[in-house]
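Inspection log for the structure reproduced underneath, given as structure tokens.
Read the figures in this text as sums done on the coordinates, not as results from a lab. From a predicted model like this one, the values you see are computed outputs, not experimental measurements. Counting neighbours? That spans all protein chains shown, and the Cβs are built from the backbone with ideal geometry, glycine included.
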């Protein structure tokens, strides 16, 4: 599929606030993103020409923000609304192999839906993990480094394990907590290739605070489902898309060009083009 025909839904409700940044990034890369309010999928309180179907799109993103004010738990209300509004359609979308991505609050939503770490077949269900309050007890907003863990995620296949990215982080509830016996569950996810990214120090070594800004088990910064087509990460590639967004651009070559977010999102779109 040609990239300019690649339709991508960016799901929004009250409180999502990174949909515009993600829209600009994906549009700059040549795709056809559209910010879609959940009510448009529901067909509720919108004009007939604004109604949308998930099957019209080849990819779905849950962008960052504070959906529904993060009441109850971060992402819980949006997840409940998605389950009620388009649960079967979302399961079919995942089962068909389309990419579903969640960034920050979107990652939280995907865990609340039970899609991450997930069950085989893309079934929704009770959460098996949670993104809890940071160990620092406060909102952490800073540049962070993460490394590709070499798992199942198809867009990064062929990249060397440990390939590093600089993405900004901004969250108060990003600490990954796994259900059951956490150490055993983490070992399972590692064995099955479901760890997408790990927090790392600037030199690529093991991260401690502040390079792991939340205290996640195993320094996990992102996960995929067993098939690799549902993915979530806490840091924001769309906030590191342009070179001018980098924290060191004044010291290292100016503001022209692109950052690591461009490299990551371009790889995602390249895969979607081939499998659209």
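Here the range 3-274 carries DSSP beta bridges of which approximately 60% are antiparallel, counting only pairs with both residues inside.
From least to most packed, judged by other beta carbons within 10 angstrom and beginning with the fewest, 175, 157 follow the order 157, 175. Determine which residues of the range 189-219 fall in the zone a paramagnetic label at residue 164 would reach in this model, i.e. backbone nitrogen under 17 Å from the point 7 Å along Cα→Cβ. Flagged as within label range: 197-213, 219.
Considering helices alone, the calculated mean residue ellipticity of the chain at 222 nm is -7500 deg cm²/dmol, with DSSP H runs of length four and up weighted by -39500 (n - 2.57) and normalised per residue. The length gained by stretching the chain between residue 123 and residue 255 to full extension, at 0.36 nm per residue less their Cα-Cα distance, is 43.2 nm.
Report Rg(Cα)/(2.2 N^0.38 Å) for the range 1-129, keeping two decimals. Expressed relative to 2.2 N^0.38 Å, the Cα Rg reads 0.99. Full extension of the segment from residue 184 to residue 46, taken as 0.36 nm per residue of separation minus the current Cα-Cα distance, would add 45.0 nm. Let me have the relative contact order for the chain, percent, based on Cα pairs under 8 Å that are six or more residues apart. Normalised by residue count, the contact order of the chain is 18 percent. Residues 57, 139 in ascending order of nearby Cβ atoms (within 10 Å, fewest first): 139, 57. What whole number of Å gives the distance from the Cα centroid of the range 52-94 to the Cα centroid of the range 227-276? What the calculation gives is 23 Å, centre to centre. Using Cα-only point scatterers and the Debye equation, what is log10 of I(q)/I(0) for the range 95-159 at each q in 0.12, 0.13, 0.29 Å⁻¹, rounded to two decimals? Here the Debye-derived log intensity ratios amount to -0.42, -0.49, -1.29. Of the peptides 120-127, 261-268, 107-114, the order by per-residue mean of other Cβ atoms within 10 Å, starting with the highest, comes out as 107-114, 261-268, 120-127. Label sites at residue 13 and residue 138, each approximated as a point 7 angstrom past Cα along Cα to Cβ, lie 3.0 nm apart.
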